[in-house]
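Data block below; observations after.
The values are calculated or read from the model by the stated rules, or taken from the named source; none is laboratory data. Keep in mind that this is a model prediction, so the values were computed, not measured. Note: ideal-geometry Cβ built from the backbone for every residue, glycine included; neighbour counts use all protein chains shown.
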Amino acid sequence: MKKFIQELCEKNNFQSVHLLTILRKIQTKYFFISKEDIEILSNLLKIESTQIISVVEFYSFFHLKPRGHYDIFLSDSITDQMLGQQSLANYFAKKLKLQLGQVRDDGLVSLAYTSCTGMCDQGPAGLINGYPITQLNKARINTIVNLIETQTAIQDWPRSIFTVNDNIYKTDLLLHQEITQGEALKATFNRGLIATLDELKQSGLRGRGGAGFNTAMKWQFCSEEQSSERYVVCNADEGEPGTFKDRVLLNKYANQVFEGMTLCAAIIGAEQGFLYLRAEYLHLYSSLKVVLADRYEKNLLGNNILQKNINFNIEIRLGAGAYICGEESALIESLEGKPGIPRNRPPYPVVEGYLNKPTVVNNVETFLAAAKIAIIGGQAFAKIGIKKSTGTKLLSISGDCERAGIYEYPFGTTIRQILDDCGAKNVLGVQVGGPSGTFISNQEFDRRLAFEDLATGGSFIIFNQQRHILDLVKNFTHFFAHESCGFCTPCRVGTSLLKKQLDKIVDGHGSAGDVVALEELCQLVKNYSHCGLGQTAANPILSTLQRYPEIYQSKLKAISYEPGFDLNASLATARQLANRDDSGAYLAQVEDE
Amino acid sequence: MSDKIRIATTSLAGCFGCHMSFLDIDERLLKLAALVEFDRSPITDIEHCTNCDIGLIEGGVCNSENVHVLREFRKNCKLLVAVGACSINGGLPAMRNHISVEDCLNESYIDGIGVENPQIPNDPELPLLLDKVYPIHEIVKVDYYLPGCPPSADVFWAFLTDVIEGREPNLPYELLHYD
Amino acid sequence: MNKTISIDGKTIPFKTGQTIIEAATAAGVYIPHLCHNPDYKPHGSCKLCTVKINGRNCSACTFPATEGQEILNKTPELENDRRKITQMLFVEGNHFCPSCEQSGNCQLQGLGYYLSMKDNHFPHFFANRELDASHPELLIDHNRCIFCNLCVRASQQSDGKNVFVISGRGINKRLTVNSTTGKLKDSNISVDDCAAQICPTGAILKKRTAYAVPIGQRLYDTKKIDEIALEQENKE
């Protein structure tokens, strides 16, 4: 064991920035990260063991206790639930003869839930030893159980189990055709770097992760910082439930994404770039390495790119399961081998980013668009879309529709148009922008896809009339409580309190003041949290409470107060130990009025 | 019925320390007696609450009987007041909350030192333990809180005189303690 | 020295590079805080120092003062929300003041008093936390840890050690001790370390010193936290 870790550290130059990479390898090989491993690592990397423990405990896919040799996680996105994931999970557990959330006694297999794995267009989905399984059904589960019980090595499993489809249904400017390799770089060099930044300015391109900061401005700020080193980071930590467009981009348009990163590097003067790839997209890792190798070969990466005296390298770093790492400063912390805790701002990453050097962090789609703009020019791009939202936006459409998948739309497109295109009928509402976005009702379908109206990172989940609003609110609220990094009080405690208070109402224990208390708590979490996670964690409740107050009210009992927990369940242990079943051994949940 | 303010008091999972502290208002008791009368309380022997203006609850909720008593108070008292640390956050009794009920009962009745004839009592007269000790605001709606372990006699006096004289109760800084 | 900000209508001078809380403290204006201590790099996690700057909520301990900021600090709205944030800390851990040696000297408690907090408002978590009494002179009661990170910073920045790290995620955060056993006795902390003195609550305590001053005659029993904080923080 020691030799393995020694070699692993050697390969990573004994640098603690590679801690996640190293821990991933140990977790994969030994199914957990033992105390001894941590001690060895602590000595080799010259960092405290507690620092390593803090990383292991932070990320969902690292474990201090052994997982099964076949370690299964089922995606807990609302779309998976809508596709019957819960009964399938129970079926899976029964077949494997284990309890959900447990490792089987023989250590062979473990089964648990995880946050959305980015396969909402082909769920119910999950991961086995890090690799995606999609379109789960009983037959598929039977096959998998059989392969596990016969201890068949994963690489010998039928490939069909791991099939991931791109599902591109509507293309426009960006998806219509990938650019020719090197085309954007050549155009950039021909035009000149400053002139290309000008084109980017004219394009009006704004960050595609959802926040919408002006891309040219970000690049310019970064380039203006006094520093000998700068970094370009591509944020492929696509964790917002319901979004999967980056998965498709990195599968089919990776060249263009890398080209966008490279031209950013040329413009800002960076020599090192990172693709931060979420752990759930491990299946893309090797093909991305091939694309990179090809680009090095063709002198589109590496030293003296296209003989223009520009050096740039791209390294892929994998995450380990933490939604918060989609926040740019948390992502940077994670790149540095630490828990993904958002930094205080200012300073912003363009001033102090990776290793405290100026850093541009952009979304996958932003780099894709930037490469296109370098070729077609800013004007041509700005012509598409509307005033403050130029160009097109990729949507990951899932939920109740006939064709879930990727759609590219010019900004300004109405929700109605989108719903028509994907074959959505009897729609109750749409969650635009994922749990952190907004729920819109079927009275709002004339609203538009735009920063001015409905801004979105791309998640677009459709709910039909058979769905219950509170089901999705509950799923989303639990998601945030699970993913809160725990740094600041309002989010750490508040998201868990939101979960308790919402469950109290949804489970029918709410009374007169409980919705008011819920709303107050929402405001507190929203207004006082440190970063976007906490600031948006109450959105599912707030946006549905605003639209459907009657649904919440209908859950309330006409009494002054009811406990938020089950009184009878609370007596269960004592009742059983005293072997009692008389009427005095039970409590009514509410007092007889 | 007199027009005196009617007060009920009880101790749930508490130590009666808050009641003792209440009695520490000493000679002011005479003044109080002129203005209030006591309903259910350890000082009256009234078994069940009737309509009251104020209900003072000491202690948290640790068993089924506590739930019944607390509900009786809530039903009959216009103002329900959580008195002392235990009623507000469970207090010292809640320090059992990280121990399972099973371990608690086993230690007391089965495995504990000096236990004879080990058995967990099953008399229906005995209230059953809840899984945890709860603050009273997690069971019923509470109108006021008097923190302290115990709240000092002056806290009781300040609160009661405020209510009796029709003011919104207010604890000045020097009367606010959690210990 | 002619650059100023305004806090609750009061004009306050600041020097370039100062945070809002630094400028406020120097001018004798108290902004509630728990994770902030002027001796250490600001952390910005407790969020009690949240103020409204030109209408936007910001942490006063990390946000730089800049010319002309209109800041709201002691408004009913902010004080009300700060009380709720304090209540969150009370329900998250197990803060049984009557049994805590630090009672009366505890900043969490002092802040509760300052904000007229009489109850804990939210449902309690009653988290399972441990007690580490292994060290001959020091004790950690994890029930009282509020994750302010001050011991972590004090150990790194003052003591040149690295005794503490906060691990875990979300509501499952925990303070971990850097030693092979995870116990304090096996760490390199010493009783004179700043990290051993800095805890704002009773989570890290020096043994056998608890009742030198009787309950009822302690720091926050007689004086409010705003006065005490301003005195202490302007002394340096």
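Of note:
- Filtering region B:165-179 to residues that are more than 9 Å from every other protein chain (Cβ to nearest Cβ) and not in a loop (DSSP other than H, G, I, E, B) leaves only B:175.
- Here region A:572-588 is the region considered, the condition is being out of contact with any Ser or Thr (no Cβ under 7 Å at 6 or more places or on another chain) and in contact (Cβ under 8 Å) with a residue 12 or more places away in the chain, and the residue that is farthest from residue B:119 (Cα to Cα) is A:588.
- Residue in region C:153-165 that is nearest to residue C:106 (Cα to Cα), counting only those that are surrounded by fewer than 23 Cβ atoms within 10 Å (Cβ to Cβ) and within 14 Å of chain A (Cβ to nearest Cβ): C:153
- A single member of A:461, A:418, A:397 is away from chain C (no Cβ under 14 Å), touching a strand residue (DSSP E or B) at 6+ places or on another chain (Cβ under 7 Å) and without any contact (Cβ under 8 Å) to a residue 60 or more places away in the chain, and it is A:418.
- Candidates in region A:434-489 are the residues that are among the aliphatic types (A, V, I, L, M) and within 22 Å of residue A:247 (Cα to Cα); of these, the one that is surrounded by the fewest Cβ atoms within 10 Å (Cβ to Cβ) is A:455.
- Extreme residue, surrounded by the most Cβ atoms within 10 Å (Cβ to Cβ), among residues of region A:327-375 that are charged (D, E, K, R) and assigned to a helix (DSSP H, G or I): A:328
- Exclusive hit being modelled with pLDDT of 95 or more, assigned to a helix (DSSP H, G or I) and closer than 19 Å to residue C:169 by Cα, set A:22, A:53, A:33, A:40: A:53
- Taking every residue in region C:99-124 that is more than 7 Å from chain B (Cβ to nearest Cβ) and under 17 Å from residue C:217 (Cβ atoms) and pairing it with any residue that is charged (D, E, K, R) and assigned to a loop (DSSP other than H, G, I, E, B), at least 6 positions away or on another chain, the pairs with Cβ-Cβ distances below 6 Å are C:105/C:218.
- Residue list for region C:1-55, restricted to those being in a strand (DSSP E or B) and either among the polar types (S, T, N, Q) or under 16 Å from residue C:225 (Cα atoms) (or both): C:4, C:6, C:11, C:19, C:50
- Matching residues, region A:258-299, being in a loop (DSSP other than H, G, I, E, B), of a type outside the set (D, E, K, R) and either touching a strand residue (DSSP E or B) at 6+ places or on another chain (Cβ under 9 Å) or buried (at least 23 other Cβ atoms within 10 Å of the Cβ) (or both): A:270
- For beta carbons closer than 8 Å, sequence separation of 6+ or different chains, a first residue in region A:213-241 that is part of a helix (DSSP H, G or I) and a second that is hydroxyl-bearing (Ser, Thr, Tyr), the qualifying pairs are A:215/A:366; A:216/A:203; A:221/A:348; A:222/A:359.
A quick yes/no check of all residues on (1) at pLDDT 95 or above; (2) among the small types (Gly, Ala, Ser):
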site	(1), (2)
B:23	yes, no
B:40	yes, no
B:63	yes, no
B:69	yes, no
B:94	yes, yes
B:122	no, no
B:129	yes, no
B:136	yes, no
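- Yes/no for residue B:162 being within 19 Å of the chain's Cα centre (by Cα), part of a helix (DSSP H, G or I) and among the acidic types (Asp, Glu): no
- Residue match in region C:66-88 (condition: part of a loop (DSSP other than H, G, I, E, B), closer than 23 Å to residue C:197 by Cβ, polar (S, T, N, Q) and not assigned by TED's automatic domain parsing to the domain that holds residue C:14): no
- When the strands (runs of 3 or more DSSP E) confined to region B:35-99 are screened for residues that are buried (at least 23 other Cβ atoms within 10 Å of the Cβ) and charged (D, E, K, R), those reaching at least 1 such residues are found at B:52-58.
- Residues of region A:497-546 classified as in contact (Cβ under 8 Å) with a residue 40 or more places away in the chain, farther than 19 Å from residue C:58 by Cα, within 9 Å of another protein chain (Cβ to nearest Cβ) and in contact with a helix residue (DSSP H, G or I) (Cβ under 7 Å, 6 or more places away or on another chain), total: 2
- The single condition among (1) within 26 Å of residue C:57 (Cα to Cα); (2) within 14 Å of chain C (Cβ to nearest Cβ) that residue A:320 does not satisfy is (1).
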